[in-house]
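No lab work stands behind these numbers, since they all come straight from the coordinates. No experiment lies behind these values; they were computed from the predicted model shown. We place every Cβ from the backbone using ideal geometry, glycine too, and count neighbours over all the protein chains shown.
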Amino acid sequence: MVHSIELVFDPDTEAVIRQAWADLAGAGIPSQAPASRPHVTLAVAERIDPAVDELLWPLASRLPLRCALGAPVLFGRANVVFARLVVPTRGLLELHAEVHRLCGGHLVPGPMPNSLPGQWTAHVTLARRVGGHQLGRALRIAGRPAQVDGRFAGLRRWDGKKKAEFLIG
């Protein structure tokens, strides 16, 4: 399992996402609930040195940061990841770039390419392994409203091997 640096949402925004997870699960669509916490991944590597926590503390002071969950987005081809796009504001893109600038040397063996500035798609995952026959239902359940206004409230380092979060700041 990988390690990551992630933004987490305020309680109200998290509640909206968790409700979408519950609604998808209730419809038989394999949602994220309850295995995870709603988040937006900023950096991913096989391993992240815990020393990054102290380096990232100043970034945590930029929070809360407004965000908007926008259009549904799909990753993959057959059994897809169903997510909502996080509208890429200047503040979010600057924060993302700064995370990579500060963490670069601590991402072992290096950052995964899809998390790099210029190659990253900010999103929050709602469901995994969604088959084509389930997509229409998933869109009706979790694709609305067209935009959810929310806030990022925290920064964390996630250790996927231990399934442990370390809040930063």
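Kirkwood hydrodynamic radius (Cα pairs, Å) of the stretch 62-145?
14.5 Å
With +1 on each Lys and Arg Cβ and -1 on each Asp and Glu Cβ, and nothing else charged, work out how big the dipole of the stretch 1-92 is about its Cα centre, in Debye to the nearest 20.
Result for the stretch 1-92 is approximately 340 debye, rounded to the nearest 20.
For the chain, how big is Rg over Rh, using alpha carbon atoms and the Kirkwood form of Rh?
Result for the chain is an Rg/Rh of 0.96.
At most 12 other C-beta atoms within 10 Å and a DSSP loop state: those are the exposed trypsin sites (Lys or Arg not before Pro) I care about. Give me the longest piece of the chain that has none.
So the longest stretch without any such site is 78-160.
To the nearest 20 debye, what is the magnitude of the charge dipole of the chain about its Cα centre, counting +1 on the Cβ of each Lys and Arg and -1 on the Cβ of each Asp and Glu?
Rounded to the nearest 20 debye, it is 560 debye.
Projected onto the charge dipole of the chain (+1 at Lys/Arg Cβ, -1 at Asp/Glu Cβ, origin at the Cα centre), which of Ala15, Leu139, Ile48 gives the Cα projection farthest towards the positive end?
Of Ala15, Leu139, Ile48, it is Leu139.
How much mean residue ellipticity at 222 nm does the chain get from its helices, if each DSSP H run of length 4 or more adds -39500 (n - 2.57) and you divide by all residues, to the nearest 500 deg cm²/dmol?
Working: 4 runs with 47 residues, N = 169.
Using -39500 (n - 2.57) per qualifying helix, the result is -8500 deg cm²/dmol.
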